[in-house]
Amino acid sequence: MVRQLKRMKDFSNTLKAMTFSKRMLCLSGIWPLEIRDSIFISFILFGFVFNILAILDMINYIKNFSYILANVMEYAVIIMALIKHIMLRIKCRSLSQFLIETKADYTADNYKNDEERLIFLKYNKLSYRLIIILIPCAAFLTFFYSLKGVIPNILMVRANSSSEYKLSAQIKLVEPTDAKRYALDCLFELIRVIMIVSDYMGADALLISFGFHLTGQLAILKCRVKGFLNDTNDSREGIRKIILGHHRLIRLTDLLEDSFNIIIGQHLFGTTILLCVSCYRMLTSLALIETTGIITFVVFALLLMCKLFFYCYVGESLLEESSNLCDELYFCNWYELSIIDMKSIWICMMRTSKPLKLTCAKFSVLSVRAFTDFFDYERH
C-alpha cells in the first residue's frame, strides 16, 4: 500500500513518452520547441532529390511492372515521411502552444487526490507502452529491410572482383561502380532510414502521446464533476472550474486536430497503398519460396495494421471519454442546484453532446469503427 502511494506521487517518469518523441523529431530538426531550419531544409532537399530520382527511374523502367511495383513501397514511405516532416514544421506554433499549455499537467501538485493521479498515470503509461512497442519494432524492420543487402554484397564483391555492387534501394540510375561510390550510396541510404525513423515514426509517437494525454485530462475532469457538483454549498465555483477546464480541453483538442488531420489522412491513404503492395510482394515471395521475403512482408503488413489500430484507438479513447463526461454531467445532482447553476450545467451538457474528436483530413472521424470499415473496404 505504501509503495502504491509513493508511485502515485512519483511523476518523475511521466515525461518518458514525450522525451522519446522529442529525441526522434530532433534528428530532423522539427521538435516544436526546438526548430532547426538548417536540418529541416537539408531533409527537405534530400526527400525531393530522392523522389525525383525515383520518378525518373520508374519512367526509365516503365515497362517492367514487377520492378515498378517493388519500388512503390519504398517511395511511398519516403513521401509519407516527407509530408509529415513538412506538416510538423508548418504546425510548429500550434504544437509548441500545446506543449507549453500542458507542461503543468505533468506535475503531481496539479491533481487534488490519488484517484486523479491514478487516472493520469494510467493514460500516461498506456501512451508510453504503445510507443515503446511500436517504434523500436518499426525502426528495426526499416533498418533491416534497407540495409539487409549491404554486408552480403560487400563480402561477395571482395570474394569475386567481377561482381557488381548493389544497393537495397532500387534506383538503377545511380548504381555504384566502385567502392567509394558504393560507400556514398550507403550513406545516402542511411540518411533515408534516419528520415523514416525520425519523421514517419516520430510523428506517430507525438500523436499517441498528445492524444492519450487529452484523454486522461477528460477522465480527470469527469472525476472532478462528481466532487464539485455533489457539493451543493460551493457548486457555483465548482461549475465555473468545470466549464473553464472543459473549454481548455476543447481548445487543446482543436489544436491537435488542426495540426494532425492532414497527417492522419495521408497516413490512412498511404497505409492502403502499402498494404496492397506488401501483400502482393508477400504472395510473389511465397510463389518463389523466398523465406526472408515472406517473413519481411508479413511482419511489415502486421506492423502497418498495428500502427493504424493505434491511431484509431487514440481517436476512440478521446471520443469515449468525451461522451463519458456528458453522461457524468447528466447523472449528477443538477436538480438540487439553483436555476442559474442549472442553466450553466445545461449549456455545458450541450457542448459535451458534441464529442471531441480527431479526423482523417476532415473526411472521417478517427475511431475503432473507422478501423473496421477500412478493412471491410480493403477486403472488397
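The values are calculated or read from the model by the stated rules, or taken from the named source; none is laboratory data. Fair warning: this is a prediction, and the values are worked out from it, not measured in the lab. Note: ideal-geometry Cβ built from the backbone for every residue, glycine included; neighbour counts use all protein chains shown. Heavy atoms of the whole protein, side chains included, go into the accessibility calculation; ligands, DNA and RNA do not. Shrake-Rupley method; radii C 1.70, N 1.55, O 1.52, S 1.80 Å.
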When only Cα pairs under 8 Å and 6 or more residues apart are kept, what is the percent relative contact order across region 238-380?
35 percent
Proximal charge balance of residue 24 [Cβ under 11 Å; K/R count +1, D/E count -1]
0
Which order do you get for 222, 16 if you rank them by accessible area with a 1.4 Å probe, largest at the top?
16, 222
Would you tally the net charge around residue 81, using a Cβ to Cβ cut-off of less than 12 Å, leaving residue 81 out, and scoring K and R as +1, D and E as -1?
-1
Could you rank 327, 204 by how accessible they are, 1.4 Å probe, largest area first?
327, 204
Report relative contact order for region 12-120 in percent, whole number only (criteria: Cα-Cα under 8 Å, sequence separation at least 6).
29 percent
In debye to the nearest 20, how big a dipole does region 1-143 give about its Cα centre with +1 on each Lys and Arg Cβ and -1 on each Asp and Glu Cβ?
420 debye
For residue 15, what accessible surface area do you get with a 1.4 Å probe? Give it in Å², rounded to 10.
80 Å²
Note, residue 216: beta-carbon cut-off 9 Å, +1 each Lys/Arg, -1 each Asp/Glu, net -1
May I ask for the distance between the Cα centers of region 335-358 and region 90-118, given as a whole number of Å?
24 Å
If packing is taken as the mean number of other Cβ atoms within 10 Å per residue, what is the order of 133-143, 208-218, highest first?
208-218, 133-143
Part-to-part distance (alpha-carbon centres) for region 212-226 and region 262-321, which is given in Å
32 Å
Over 21 Å between Cα atoms: which of 122/222; 84/307; 226/343; 16/362; 307/354; 307/357 fall into that group?
16/362; 307/354
